[in-house]
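Visitor: My structure is below; once you've seen it, I'll send some questions.
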Amino acid sequence: MNILRNAYLRPFGGCRLLLCFTLSLLLWGCNEKTTADALETKGWPEQFGLGKPATEQQVAAWDIDVRPDGKGLPAGAGTAVQGRAIYAAKCASCHGNTGVEGPFNHLVSSDTSKAKTIGNYWPYATTLFDYVRRAMPFNAPGSLTNAEVYHLTAYLLHANGLVDSTSVMDAQTLPKVVMPAQQLFVPDNRTGGAQIR
Amino acid sequence: MNDVSKNQPNKGRKLSRRHLLGGMAATAAAVLLKQSSGQVIQAGLAKDSLLLQDPTKVLGPLPSQLGDRSPFEQPVRKPSDTSSRTPLQDLYGTITPSDLHFERHHGGIPAIDPHKYELLIHGMVERPTVFTLADLKRFPSFSRIFFLECSGNFRSGKEQLTPQDICGLTSQSEWTGVMLATLFREVGIHPKASWFLAEGSDAAVMTRSIPVSKGMEDGMIAFAQNGEALRPAQGYPARLVLPGWEGNTNVKWIRRIEVSDQPFMTREETSKYTEQVGDKVRQFSFVMDARSVITFPTFPAVVHKGWIEIRGIAWSGRGKIARVEVSTDAGKSWQPAQLQEPVLDKAHTAFRYLWQWDGKATEIMSRAVDDTGYTQPTLEQLKEARGANMGGYHVNSIISWQIKGDGSVLLRPENIR
């Protein structure tokens, strides 16, 4: 339990927030039409029988997403110390030596910048793993191993002051990192009509 | 035409069609020059050029396999590293030519072999299934005209901006494909499913979470645009389209749909495509609110005293445009513009207003009202509603043009902050 810095060690705290948020979105969703009014299915067969059943291997090969509850996180683990070296070699040329400098997306919060960063704007730590694995580095997307992604995730969370330098990030610990910005996020409140929002 | 000419269009003709066409195009392209003023002139035109001849006295090019634009018409997108903008001021009607549709990519344009293309639908479904492109095309199909607009579609801050610069990240097409509801029905979507992940096969493997309710209502997997297969930049061979919703959710090159009971909180729906509203961050703000833009007269046009038809487009992601109002006195009074029928749901709608300009400096502007009763706001109203840090997403404010006494037209610049 010492893995994470105490201030952010709130197991399930994040999940509870997520649950409330999801519920409100569900309720919002219920006001929408849930059937395809445009679809005239009269005279259609129950199924057209098109397509082939997806095999487990096919699904596993493509199903790379990671949810906030950690579903989809692979085996492996990473630490900030090891992540620092990978960052310097593969990320710093675009994001700056310490993640503050740019020129492309600023990743690390600093006292002198108002830039939106992982530390001050990203609501879920799992998104970091998901995005780095699927899309980074920009010039060699999808080239990082799961271990490298864990290391980088640990490094970037540590650089933003969210976990200790010795924290181990893995499928159990990463979903428990509570991001400071998470409490700021609210679902869309615009509904049409005269009100400007 | 006989069979020979059909299969071998240049064979057996004294005057090669290819030669004639090639010669024509090359001559014309070489002699048209754009001056710094923007005016196209015929410079250095060879005496024997077809363009200088009386067209009634010379045989023109014969039919060909592919058509070209007139060399006098050169509408182009304006590209940056991440997007390219539709030249709204150069277009007529409401359909955007496919090669001028705006682009916004997150990892470039992937090259996908349509014969190897597959769409996987899995997660909370009874029958996880892989569909080929041929499979998708065998389902009952559906066509619909609607706009696509990037939610980061606002620029201002200086006078010398065109509609393309300001809001060229909106375009309109007739999309054809298979309704998502048809596919969800085929795979047996779980009754408690509420969200699905849409994933592209570009270098960003871009993902967005979408409520199942929207997918069931009018979501579509489109494989065609304006009568032909999708352009590569628009998602070839298949993409998600969600009428009225921010462009980023219309995932291109779609390869996978995972049905779930919660959003996935991907990068594009958390750190991007969210906006600060007061001290909160608004997320899943999918719908594009009503908006309009005058496309003539706008910078860099110069107008003359007398009758001017003010033209533009209006659209709303929530429904139909109910009316567009135009002001020619800097917003003091508003007059109804004429809407071009048909006025379609969630679609660019052309409007026009005939105005007699007295030659005095003024400002002209338009505002859209949709059928939910929403009126396009001013930037000040948006700032008031969202706060000083509202950022650049979903900025749909009224755009105002200064008409100077000398007839020059300039944007009235505004600043988000």
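The values are calculated or read from the model by the stated rules, or taken from the named source; none is laboratory data. All values reported here derive from a predicted model rather than from experimental measurement. A quick note on method: Cβ atoms are made from the backbone with ideal geometry, for glycine too, and the neighbour counts reach across all protein chains shown. Calculation scope for accessible area: heavy atoms of the full protein, side chains included, ligands and nucleic acids excluded. Shrake-Rupley method; radii C 1.70, N 1.55, O 1.52, S 1.80 Å.
Visitor: Only residues that are in a loop (DSSP other than H, G, I, E, B) and open to solvent by less than 70 Å² (accessible area, probe 1.4 Å): list them for segment B:83-94, please.
Guide: B:86, B:87, B:91, B:93, B:94
Yes/no matrix, rows are residues, columns are (1) away from every other protein chain (no Cβ under 14 Å); (2) at pLDDT 95 or above; (3) open to solvent by 10 Å² or more (accessible area, probe 1.4 Å):
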{"site": "B:178", "(1), (2), (3)": "no, yes, no"}
{"site": "B:190", "(1), (2), (3)": "no, yes, yes"}
{"site": "B:214", "(1), (2), (3)": "no, yes, no"}
{"site": "B:217", "(1), (2), (3)": "no, yes, yes"}
{"site": "B:224", "(1), (2), (3)": "yes, yes, yes"}
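Visitor: Does at least one position in segment B:236-256 carry a residue that is more than 26 Å from residue B:136 (Cβ to Cβ) and of a type outside the set (A, V, I, L, M)?
Guide: no
Visitor: Quick check: anything in segment B:236-247 farther than 17 Å from residue A:181 by Cβ, at pLDDT 95 or above, open to solvent by less than 10 Å² (accessible area, probe 1.4 Å) and within 9 Å of chain A (Cβ to nearest Cβ)?
Guide: Looking for residues that are farther than 17 Å from residue A:181 by Cβ, at pLDDT 95 or above, open to solvent by less than 10 Å² (accessible area, probe 1.4 Å) and within 9 Å of chain A (Cβ to nearest Cβ), one finds none in segment B:236-247, hence no.
Visitor: List the number of the failed condition for residue B:75; all other conditions in (1) open to solvent by less than 70 Å² (accessible area, probe 1.4 Å); (2) touching a helix residue (DSSP H, G or I) at 6+ places or on another chain (Cβ under 9 Å); (3) touching a residue at least 40 places away in the same chain (Cβ under 8 Å); (4) more than 20 Å from residue B:249 (Cα to Cα) hold.
Guide: For residue B:75, the failing item is (3).
Visitor: Could you please find all residues in segment B:127-155 being open to solvent by 50 Å² or more (accessible area, probe 1.4 Å) and more than 10 Å from every other protein chain (Cβ to nearest Cβ)?
Guide: B:141, B:143, B:145, B:155
Visitor: Of the residues A:95, A:106, which single one is of a type outside the set (A, V, I, L, M, F, W, C) and either over 22 Å from residue A:180 (Cα atoms) or touching a Ser or Thr at 6+ places or on another chain (Cβ under 6 Å) (or both)?
Guide: Among A:95, A:106, only A:106 is of a type outside the set (A, V, I, L, M, F, W, C) and either over 22 Å from residue A:180 (Cα atoms) or touching a Ser or Thr at 6+ places or on another chain (Cβ under 6 Å) (or both).
Visitor: Another question, if that's okay. In segment A:44-65, how many residues are more than 8 Å from chain B (Cβ to nearest Cβ), open to solvent by less than 80 Å² (accessible area, probe 1.4 Å) and assigned to a loop (DSSP other than H, G, I, E, B)?
Guide: Of the residues in segment A:44-65, 3 are more than 8 Å from chain B (Cβ to nearest Cβ), open to solvent by less than 80 Å² (accessible area, probe 1.4 Å) and assigned to a loop (DSSP other than H, G, I, E, B).
Visitor: Moving on to the next point. Step by step: first the residues of segment B:108-117, then only those that are surrounded by fewer than 18 Cβ atoms within 10 Å (Cβ to Cβ) and touching a residue at least 40 places away in the same chain (Cβ under 8 Å), then the one that is nearest to the other protein chains (Cβ to nearest Cβ). Which residue is that?
Guide: B:108
Visitor: Please list, ordered by first then second residue, the pairs with beta carbon atoms under 9 Å, 6 or more apart or interchain, first in segment A:139-159 and on the phi > 0 side of the Ramachandran plot, second surrounded by 15 or more Cβ atoms within 10 Å (Cβ to Cβ) and part of a loop (DSSP other than H, G, I, E, B).
Guide: Filtered contacts from segment A:139-159: A:142/A:64; A:142/A:136; A:142/B:203; A:142/B:205.
Visitor: Would you check if there is a residue in segment A:173-189 being out of contact with any helix residue (DSSP H, G or I) (no Cβ under 8 Å at 6 or more places or on another chain), hydroxyl-bearing (Ser, Thr, Tyr) and crowded, with 18+ Cβ neighbours inside 10 Å?
Guide: yes
Visitor: In segment B:153-203, what count of residues is obtained for those that are aromatic (Phe, Trp, Tyr), in contact with a helix residue (DSSP H, G or I) (Cβ under 9 Å, 6 or more places away or on another chain) and not in a helix (DSSP H, G or I)?
Guide: The qualifying residues number 3.
Visitor: Also, I was wondering about something else. Please state which of the following conditions residue B:289 fails to meet, knowing it meets all the rest: (1) over 30 Å from residue B:361 (Cα atoms); (2) without any contact (Cβ under 8 Å) to a residue 60 or more places away in the chain.
Guide: It is condition (2) that residue B:289 fails.
Visitor: Pairs please, first residue from segment B:339-359 and over 23 Å from residue B:290 (Cα atoms), second anywhere and of a type in the set (Lys, Arg), Cβ atoms under 8 Å, 6+ apart in sequence or on different chains.
Guide: Cβ pairs passing all conditions: B:357/B:305; B:358/B:305; B:359/B:305.
Visitor: Tell me which of these residue B:185 doesn't satisfy, since it passes every other one: (1) open to solvent by 10 Å² or more (accessible area, probe 1.4 Å); (2) within 24 Å of residue B:226 (Cβ to Cβ); (3) at the interface with another protein chain (Cβ under 9 Å from one of its Cβ atoms).
Guide: Among (1) open to solvent by 10 Å² or more (accessible area, probe 1.4 Å); (2) within 24 Å of residue B:226 (Cβ to Cβ); (3) at the interface with another protein chain (Cβ under 9 Å from one of its Cβ atoms), the lone unmet condition for residue B:185 is (2).
Visitor: Also, quick follow-up: How many residues does segment B:260-312 hold that are assigned to a loop (DSSP other than H, G, I, E, B) and of a type in the set (D, E, K, R)?
Guide: The total comes to 5.
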